[in-house]
Each structure stands twice: as C-alpha cells, then as structure tokens.
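To start, the structure under review is shown below, and the notes come after it.
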Amino acid sequence: MSSSPRLPVFLAGVLGGLVVLVLGAILIATDVIDTGDSTSRVVREPAPLTRPASDSGEGRTVADIFREEGRGVVFVQAEGVGSDSPLGLPGQEGTATGSGFVVDEDGTILTNAHVVEGSDQVSVSFEEDGGGLVDAEVLGRDADTDLAVLKIDPDEVEDLQVVPLGDSSGAQVGDPVVAIGNPFGYTRTVTTGIVSAVARRIDAPNGFTTGNVIQTDAAINPGNSGGPLLDAAGNVLGINAQIATGGTEGSVGIGFAIPINTAKKLLPQLKQGENIERAFLGVKAQALNAQIAEELDAPVEEGALVVEVTDGSPADEAELRAVVPGPAGRPRGGDVIVSFDGEEIASSDDLVAAVEQRKPGEEVEIELYRGEDKRSVTVELGERPESAEAGGLAPEGP
C-alpha cells in the first residue's frame with residue numbers, strides 16, 4: 001500500500017502546539033496609515049448604523065454601540081517597529097498602526113502585541129481624524145496570546161470612555177457581533193457580523209499557538225488589530241487579531257479574535273510588566289486516525305502521534321520517541337500519547353490543551369503506546385522558550 005500524504009504537523013509543547021491555518025492566516029494591523037495604494041479600500045461596507053445589534057429586545061442598535069463604546073476605541077501608532085515582519089503587513093519607515101480600547105478609568109488600553117512589537121514610542125488618538133496623539137507606555141506584552149497593555153495619562157483625554165468587558169465563555173455560533181477599529185487608516189470604522197465558530201486555534205507571533213479563539217465574519221482588515229469585537233450589548237467579546245486572506249489583500253470574511261476572558265486573566269500581570277510563564281513539553285505531534293494507525297500498525301486509532309522531539313527538552317529527557325522514515329518512505333515507530341496526567345488524549349489538540357493547563361516544574365504522568373506496548377513515563381515540564389524557533393520547534397508548512 002502506498003503511503004498517503006501526511007496530515008499537517010502540530011506543535012504540542014508549551015501551552016500547546018503550532019497549528020498552520022489552511023487558509024494562511026496573517027497577523028493584521030501592522031501596516032501603515034497610508035498604504036501607498038490609491039485603490040486600497042475597505043472590502044466590505046459597514047452595515048447600516050440603524051441595524052439592530054440583536055433580536056433580544058434590549059433596544060441597542062449598532063449605532064447605539066458605536067456612539068457609546070466607540071468613543072473608547074483608539075487609533076494606535078507605534079514607531080520603531082520592524083518594517084518586514086513575517087507575521088504582518090509591512091510598516092512604513094518603521095511605523096505600524098492598529099487599534100486598541102480603554103479598559104479602565106486609569107487609562108489602561110488593550111491591543112495586540114504585534115501592533116507594538118519592537119516599538120520605541122507608542123501613541124494613541126481618540127479623534128476621528130487620528131490627530132491629537134497622546135503618548136502611551138507599553139506596560140506589558142505577551143506574544144503567546146498576542147496581547148499588549150498600554151497606559152496613558154487619563155487627564156490628557158476629555159471624557160474618557162471605558163469599554164465594558166464581557167464574558168467570552170458564553171459566545172455561541174450565530175451570535176451577532178460588532179467590530180470597531182481603524183482598517184487601512186480609516187479611523188473608527190464599524191462592521192458587523194456573527195460569531196462564525198468558537199474554540200479555534202491560531203498562530204501566535206512567536207510561532208506557538210493561542211487557543212479558544214473566536215472566529216467571525218465581521219469584516220476586519222489590516223489596521224483592525226487590537227480593536228474590540230463586541231457583543232449585542234456592547235461588551236467586549238474578543239480582541240481582533242488575525243484574518244485568513246485566501247491569497248487576497250483584504251478580508252474574505254474569516255477573522256479571529258483573542259477571547260476577552262484570556263485577556264482578563266492576564267491583565268493584572270501584564271499591567272505589572274510581569275513575564276507570563278508557561279509549561280513546555282517539547283514535541284511536535286499530529287492527530288492519529290484510522291488510516292495513519294494502519295500504516296504504523298498502531299494498536300489504537302486515536303491519540304497524539306509524536307513526530308518530532310526537541311533535543312534537551314523535557315520530552316527528550318523522558319526518552320519519548322518520534323516517527324522515523326522507514327523502507328519506501330513509509331513512517332515507522334513513534335510514540336502515541338493517549339493520556340496526560342490522567343486526562344484522555346484523543347488528538348494533538350487535546351495534548352496542546354493539556355499542556356496549557358500546567359506550569360513549569362510540574363511532574364506529569366504520560367501514558368503512551370510504543371508499538372503494541374503500553375507504558376507510562378513521568379515528565380517534568382520545562383518553561384516555554386520565547387519562541388517556537390528558539391525552542392527548536394520552528395513553524396512548519398501545511
């Protein structure tokens with residue numbers, strides 16, 4: 001039997017694994033105020049502002065949300081960022097732009113980490129034309145979740161508007177949403193849509209992944225990054241971060257937002273400038289299925305198949321084994337992880353999620369199949385490196 005094409009490889013270490021989006025998601029909003037293309041435009045028109053935000057009877061329209069919560073959405077300008085970031089659109093002379101929103105009366109602002117990556121100076125604007133820039137300090141960044149926290153002097157802003165934070169755990173497919181941001185430099189642009197999917201996993205700026213991400217069809221484009229995705233009541237459901245382009249330059253109706261519950265959990269540490277520590281296993285894995293199991297002569301049809309082990313990692317020290325090439329190109333061997341500290345593992349995503357819940361230094365018991373032999377190994381988890389590449393887990397193609 002000839003070998004079939006391999007499934008995409010997933011990175012299953014340190015908060016989880018690397019998922020390469022089939023449509024080629026790119027981080028957005030690190031482009032310039034002037035794109036240099038006179039034909040550039042927002043691909044999808046904003047919905048009429050009189051359209052109801054929901055059918056709940058609460059009486060809030062998109063116009064209501066825009067007039068109220070929209071006042072707390074800012075234009076972010078970062079000087080000194082890299083102009084050739086592989087994770088976003090090029091900047092102009094070391095300048096990147098994006099969006100953000102105010103989360104408290106002290107002048108704390110949430111945005112995306114990639115918007116202010118490598119910045120020397122950051123400023124924000126509350127004005128429709130992007131003028132009246134106010135200096136902002138970067139308090140903390142977390143590349144793993146693509147979040148950054150800025151701080152401005154609230155006394156420099158008249159009538160500071162705080163945007164209320166919602167609960168992303170309640171997001172359901174089909175829920176109406178409103179996105180507010182600055183796509184292509186068009187300040188305070190509002191678009192509408194629905195929650196298209198939940199619990200997605202997307203690439204983070206450092207090559208690892210972020211989970212529980214919200215997918216939306218609300219039009220978001222370069223410049224929307226860091227802006228809020230709001231629910232029908234005007235509460236922040238997520239922070240717009242990425243789009244899938246499908247080979248085009250703008251929105252194709254597939255956008256992704258970091259869940260606001262993730263941001264709320266990390267906000268206190270990021271405001272203090274603390275480093276967020278995460279566990280690291282040090283393997284790449286892919287989901288096992290019946291076809292792959294047959295080719296490998298594996299005794300199970302579900303689990304996380306180890307395809308690579310990073311040298312010197314906790315997995316390496318525990319002597320986990322990866323798939324190796326066999327005769328005629330057929331894969332051979334490879335541990336199949338089926339349990340992580342008592343939690344059943346049916347796929348690589350399960351392994352990613354399990355590692356995410358742990359802390360560096362914790363010892364966990366991993367059950368796996370090595371051929372027909374089922375065995376248990378104890379692994380002491382390490383601390384996730386700054387990037388997947390630094391940890392020997394460079395991103396892989398689809």
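Rundown of residues vs (1) hydroxyl-bearing (Ser, Thr, Tyr); (2) under 17 Å from residue 373 (Cβ atoms); (3) assigned by TED's automatic domain parsing to the domain that holds residue 210, yes/no style:
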| residue | (1), (2), (3) |
| --- | --- |
| 310 | yes, no, no |
| 319 | no, yes, no |
| 322 | no, yes, no |
| 326 | no, no, no |
| 332 | no, yes, no |
| 336 | no, yes, no |
| 339 | yes, yes, no |
| 344 | no, no, no |
| 349 | no, no, no |
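In this structure, does residue 183 turn out to be surrounded by fewer than 24 Cβ atoms within 10 Å (Cβ to Cβ) and not hydroxyl-bearing (Ser, Thr, Tyr)? It is false that residue 183 is surrounded by fewer than 24 Cβ atoms within 10 Å (Cβ to Cβ) and not hydroxyl-bearing (Ser, Thr, Tyr).
The sole residue among 261, 275 that is within 30 Å of residue 224 (Cβ to Cβ) and either hydroxyl-bearing (Ser, Thr, Tyr) or at pLDDT 95 or above (or both) is 261.
State whether one or more residues within region 90-112 are in contact with a His (Cβ under 8 Å, 6 or more places away or on another chain), at pLDDT below 55 and polar (S, T, N, Q). So far as region 90-112 goes, no, none of its residues is in contact with a His (Cβ under 8 Å, 6 or more places away or on another chain), at pLDDT below 55 and polar (S, T, N, Q).
The set of residues in region 127-172 being on the phi > 0 side of the Ramachandran plot, touching a residue at least 60 places away in the same chain (Cβ under 8 Å) and touching a Phe, Trp or Tyr at 6+ places or on another chain (Cβ under 8 Å) consists of 130 alone.
Residues that are crowded, with 21+ Cβ neighbours inside 10 Å and not hydroxyl-bearing (Ser, Thr, Tyr) within region 339-356 comprise 340, 345, 349, 350, 351, 352, 353, 354, 355, listed in sequence order. Being on the phi > 0 side of the Ramachandran plot and assigned by TED's automatic domain parsing to the domain that holds residue 217 is a property that does not hold for residue 118. Restricting attention to region 165-174, report how many residues are in a loop (DSSP other than H, G, I, E, B) and buried (at least 17 other Cβ atoms within 10 Å of the Cβ). Within region 165-174, residues that are in a loop (DSSP other than H, G, I, E, B) and buried (at least 17 other Cβ atoms within 10 Å of the Cβ) number 2. A count restricted to region 337-365 and to residues that are within 27 Å of the chain's Cα centre (by Cα) and in a strand (DSSP E or B) stands at 7. Does residue 216 satisfy being modelled with pLDDT of 95 or more and not assigned by TED's automatic domain parsing to the domain that holds residue 323? Spelling it out, residue 216 is indeed modelled with pLDDT of 95 or more and not assigned by TED's automatic domain parsing to the domain that holds residue 323.
State whether one or more residues within region 35-52 are touching a strand residue (DSSP E or B) at 6+ places or on another chain (Cβ under 7 Å), in a strand (DSSP E or B) and at pLDDT 90 or above. Checked against the condition, which is being touching a strand residue (DSSP E or B) at 6+ places or on another chain (Cβ under 7 Å), in a strand (DSSP E or B) and at pLDDT 90 or above, region 35-52 yields no hits at all. Would a scan of region 312-333 turn up a residue that is in contact (Cβ under 8 Å) with a residue 60 or more places away in the chain, part of a strand (DSSP E or B) and out of contact with any Asp or Glu (no Cβ under 7 Å at 6 or more places or on another chain)? No: region 312-333 contains no residue that is in contact (Cβ under 8 Å) with a residue 60 or more places away in the chain, part of a strand (DSSP E or B) and out of contact with any Asp or Glu (no Cβ under 7 Å at 6 or more places or on another chain).
Looking at region 252-286, which of its residues are outside any helix (DSSP H, G or I), outside the structural domain of residue 369 (by TED's automatic domain parsing) and under 26 Å from residue 196 (Cα atoms)? Listed by number, the residues that qualify are 252, 253, 254, 255, 256, 257, 258, 259. When you go through 159, 144, 155 one by one, which is the residue that is buried (at least 23 other Cβ atoms within 10 Å of the Cβ) and either in the same structural domain as residue 264 (by TED's automatic domain parsing) or not in a strand (DSSP E or B) (or both)? Sole residue among the options that is buried (at least 23 other Cβ atoms within 10 Å of the Cβ) and either in the same structural domain as residue 264 (by TED's automatic domain parsing) or not in a strand (DSSP E or B) (or both): 144.
The values are calculated or read from the model by the stated rules, or taken from the named source; none is laboratory data. The model shown is predicted, which means the values in this text are computed figures rather than measured ones. Quick reminder, even Gly has a Cβ in these numbers, built from the backbone with ideal geometry, and neighbours come from all protein chains shown.
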